[in-house]
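J.: One structure coming up, written as structure tokens, with questions to follow.
Read-outs: derived from the displayed coordinates by stated rules, not from any lab. Everything numeric here is computed off the predicted structure, so don't read it as measured data. So basically every Cβ, Gly included, is an ideal-geometry build from the backbone, and we count neighbours across all protein chains shown.
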Amino acid sequence: MEEKFGIKTLFFYFYQRVTPGLVLLILGANLPKISQFVISAGNVNPSPASIETINRVGNILMAVVIVFALLIMVLGVILSFVKYVSSTYTLGDYALTMRHGLIGRVEILIPYKQIQSVDTNQSILFRMIGLSHLVVLSAGNEEGRGSGIKGDEVFQVIDSSIGEYIKEELLKRANLR
């Protein structure tokens, strides 16, 4: 049965893809204040007509930046959801199977008998929010797959509780315990 990587993983995908749009939205909403700061910092005394032109162009630019930021955020939410829905793992009878991708579907099959070790890694941020990386070291993989280290397959972002469950199951099924 195909399983997902946990709801925390979905929220992390949202965070990754929505943050740039959010930063752009904050900058766009503050463009008038930023332009006034730049004018005052430059010790320039523009004419009232110049100020009116600057304000008009600033308002148009602000609207464009805000619309663009909202589009980035909506697209980020959609792409995050698609990535989450299309990424699964299966602990089968003889192998761990990882699948990801919607159009270009990638399937990685790691037989239990080839698994040499299973590790979880957590940065400080991941530890605080309950996420981890799961690294499965297996024999016979080609150079350049997974994380780029020979013989690795990595769950880049996975809910820590699910990662621990997979780790325990893989260690048990690979007879490493």
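J.: Once the piece of chain linking Met1 and Ala29 is laid out straight, how much longer is it, given 0.36 nm per residue of separation minus the C-alpha distance between them?
T.: Net length gain for the segment: 5.4 nm.
J.: Additional query: For segment 115-122, just list the computed ³J(HN,Hα) in residue order, Karplus coefficients 6.51, -1.76 and 1.60, θ = phi - 60°, integers in Hz, with x standing in for Gly and Pro.
T.: Each residue of segment 115-122 in turn: 6, 9, 7, 9, 10, 10, 10, 9 Hz.
J.: Choose one of Val57, Phe11, Ser117: the residue whose Cα lies farthest towards the positive end of the charge dipole of the chain (beta-carbon charges +1 Lys, Arg; -1 Asp, Glu; about the Cα centre).
T.: After comparing all options, I get Val57.
J.: Using a Förster distance of 45 angstrom, determine the FRET efficiency expected from the C-beta separation of Glu169 and Val67, and round it to 0.05.
T.: Computed FRET efficiency for Glu169 and Val67 comes out at 0.45.
J.: Given H placed 1.01 Å from N in the peptide plane, which residues other than close sequence neighbours of Ala174 have an amide H under 5 Å from its amide H?
T.: Amide H to amide H, under 5 Å and 5 or more residues apart or across chains, Ala174 pairs with nothing.
J.: Hey, can you grab everything whose amide H is under 5 Å from the amide H of Leu96? Only 5+ residues off in sequence or another chain; H modelled, so Pro and N-termini drop out.
T.: Under 5 Å from the amide H of Leu96: Ile110, Tyr112.
J.: Tell me, which longest segment in the chain has none of the GluC sites (Glu not before Pro) that fall in DSSP loops with at most 13 further Cβ atoms within 10 Å?
T.: The longest uninterrupted stretch comes out as 3-141.
J.: DSSP loop (so not H, G, I, E, B), at most 16 other Cβ within 10 Å: list which trypsin sites (Lys or Arg not before Pro) in segment 1-75 pass both filters.
T.: Lys4
J.: Filter the cross-link list Lys83/Lys113; Lys4/Lys113; Lys113/Lys172; Lys8/Lys172; Lys83/Lys172; Lys8/Lys167 down to pairs whose alpha-carbon distance in this structure exceeds 20 Å.
T.: In this structure, Lys83/Lys113; Lys4/Lys113; Lys8/Lys172; Lys83/Lys172 exceed 20 Å between Cα atoms.
J.: Here's another thing I want to ask about it. Tabulate in residue order the Karplus-calculated ³J(HN,Hα) for segment 69-82, using 6.51 cos²θ - 1.76 cosθ + 1.60 with θ = phi - 60°, rounded to whole Hz; enter x for Gly and Pro.
T.: Once rounded to whole Hz, the list reads 5, 5, 5, 4, 5, 5, 4, x, 5, 4, 5, 5, 5, 4.
J.: At 0.36 nm per residue, and after removing the present C-alpha to C-alpha distance, how many nm does the segment from Gln116 to Asn55 gain when stretched out fully?
T.: Contour length minus the Cα-Cα distance gives 15.5 nm.
J.: At q = 0.08, 0.17 Å⁻¹, what log₁₀ I(q)/I(0) does a Debye calculation on the Cα points of the chain give, no solvent, two decimals?
T.: Each listed q corresponds, in turn, to -0.42, -1.04.
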